[in-house]
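Read the structure below first, then the notes.
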Amino acid sequence: MVTSSAPGKVYLFGEHAVVFGEPAVPCAIERRARVSVSARDDDHIRVQAHDLSLDGFTVEYTGSTVERPNIDVSPDLVEAAMGYIEEAVEQARDAASEPTRGFDIDVESDIPLGAGLGSSAAVVVAVIDAATRELGVSLPRMELAERAYQAESQVQHGEASRADTFCSTMGGAVRVEEKDTHQLGTPNLPLVIGFDGGAGDTAELVAAVRSMRDRFQFAAETIQTIGDVVRQGEQMLGQTSSDTAYEQAKLSEIGELMNFNHGLLSALGVSTRSLDAMVWAAREAGAYGAKLTGAGGGGCIVAVDPTAETQRALEYTAACIETFSAELDDDGVRVEES
Ligand code: MEV
């Protein structure tokens, strides 16, 4: 048996636009999916997932990928999660040249499903890593990231970027623009997350944005403007100073750009009332900035606030069921046990 883990992530800037060729900057956080894989003697795949939870959000299922699992969250969401695992298995089989190999897969994750924190990417990366190692193959990280992207892309009907999977493989903050992917190190950012208990269907949300972009020139321009926000934001991220006033000014500009980015995502129709409520609670509490993270349609927001005020405000916000400060994780995928 091999156990691998991979981190979830937040988007500082650029989700959705990255699917249409603009750059994005996601950042890995210390919330992980851990996947244990044992090779079987037959060609069956058996998946057990437990503790896919963030207080109050739990999915428990067990069974083969043919039988439908017992669940306590939306069947669609679990169906999607199973789809990611199946595609990851196909990638692992292909990489190890064992096209019919069966596996027992055990997923344990503290990243809520479909909530914008990159649960599917983390699971896909960890499954491919653990399954290939179980078959005696150790993939270079770039190949692992590319295979994880291919798996996500299959599930999202070709509408996926490399951002989530590259970030989860490499850790830290990364920049992704089409096939151009690189690491940006680990910026010192005081991030606070708010979770509304909901989830969005990434494939559906990306398709809705595409439809709007195809129908309206101003939607296409909104996507390009998100790209401009990312280009401005990455310049700020790259600059560091020991001067406190300078660092404050930097956080202030990054926050302002996150606010702008949220407005543009709202215009594209991917925010929701509860995401907006959490964003405004954070801003009113004095956060430098706040935005939804990931595909939207429910899930999480990310705010920048070095004080405890945003977290406190989110605790008292009806729309928010969980809030925590997110430590950045400069470690990407890693082997936990083999
Ligand atoms: C989802 O976490 C991020 C999106 O940009 C889709 C993708 O990049 O594949 C909405």
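The values are calculated or read from the model by the stated rules, or taken from the named source; none is laboratory data. Not measured: the values here are computed from a predicted model. Ideal geometry is used to build each Cβ from the backbone, glycine not excepted, and the neighbour counts take in all protein chains shown. Surface areas here come from the heavy atoms of the whole protein model, side chains and all, with no ligands, DNA or RNA. Shrake-Rupley method; radii C 1.70, N 1.55, O 1.52, S 1.80 Å.
A few remarks follow.
- Among beta bridges that DSSP assigns inside the chain, antiparallel share in %, nearest 5: 90 percent
- Between the helical axis of 75-95 and the longest alpha-carbon principal axis of the chain there is an angle of about 60 degrees.
- From most to least packed by mean Cβ count within 10 Å, the peptides 3-12, 315-324, 180-189, 109-118 give 3-12, 109-118, 315-324, 180-189.
- Simple Cβ-charge dipole of the range 233-301, Lys/Arg +1 and Asp/Glu -1, about Cα centre, in debye nearest 20: 260 debye
- Contour minus Cα-Cα distance for residue 79 and residue 218 (0.36 nm per residue): 46.6 nm
- Rolling a 1.4 angstrom probe over the protein heavy atoms with all chains in place gives the range 244-338 an accessible area of 43 Å² per residue.
- For the chain, built as a Gaussian network whose Cα springs stay under 10 Å, the top-fluctuating residue of 42, 196, 228: 42
- Once the C-beta distance of residue 280 and residue 178 is scaled by a Förster radius of 30 Å, the resulting FRET efficiency is 0.35 to the nearest 0.05.
- Residue 143-residue 247 pseudo-label distance in nm [points 7 Å out on the Cα-to-Cβ vector]: 4.1 nm
- Solvent-accessible heavy-atom area per residue, rounded to whole Å², over the range 105-243 at 1.4 Å: 39 Å²
- Highest-first packing order for the peptide set 297-308, 213-224 is 297-308, 213-224, based on the mean count of other beta carbon atoms within 10 Å.
- Extension gain from residue 153 to residue 42, taking 0.36 nm per residue of separation minus the Cα-Cα distance: 37.2 nm
- Ordering 326, 227, 306 by Cα displacement along the dipole of the range 205-338 toward the positive end leaves 227 in first place; charges were set at the Cβ atoms of Lys, Arg (+1) and Asp, Glu (-1).
- Per residue of the chain, the DSSP helices (runs of n ≥ 4 H) give a summed -39500 (n - 2.57) that works out to -13500 deg cm²/dmol at 222 nm.
- Comparing 201, 104, 243 in a Gaussian network model of the chain, where Cα atoms under 10 Å apart are tied by springs, the biggest mean-square fluctuation is seen for 243.
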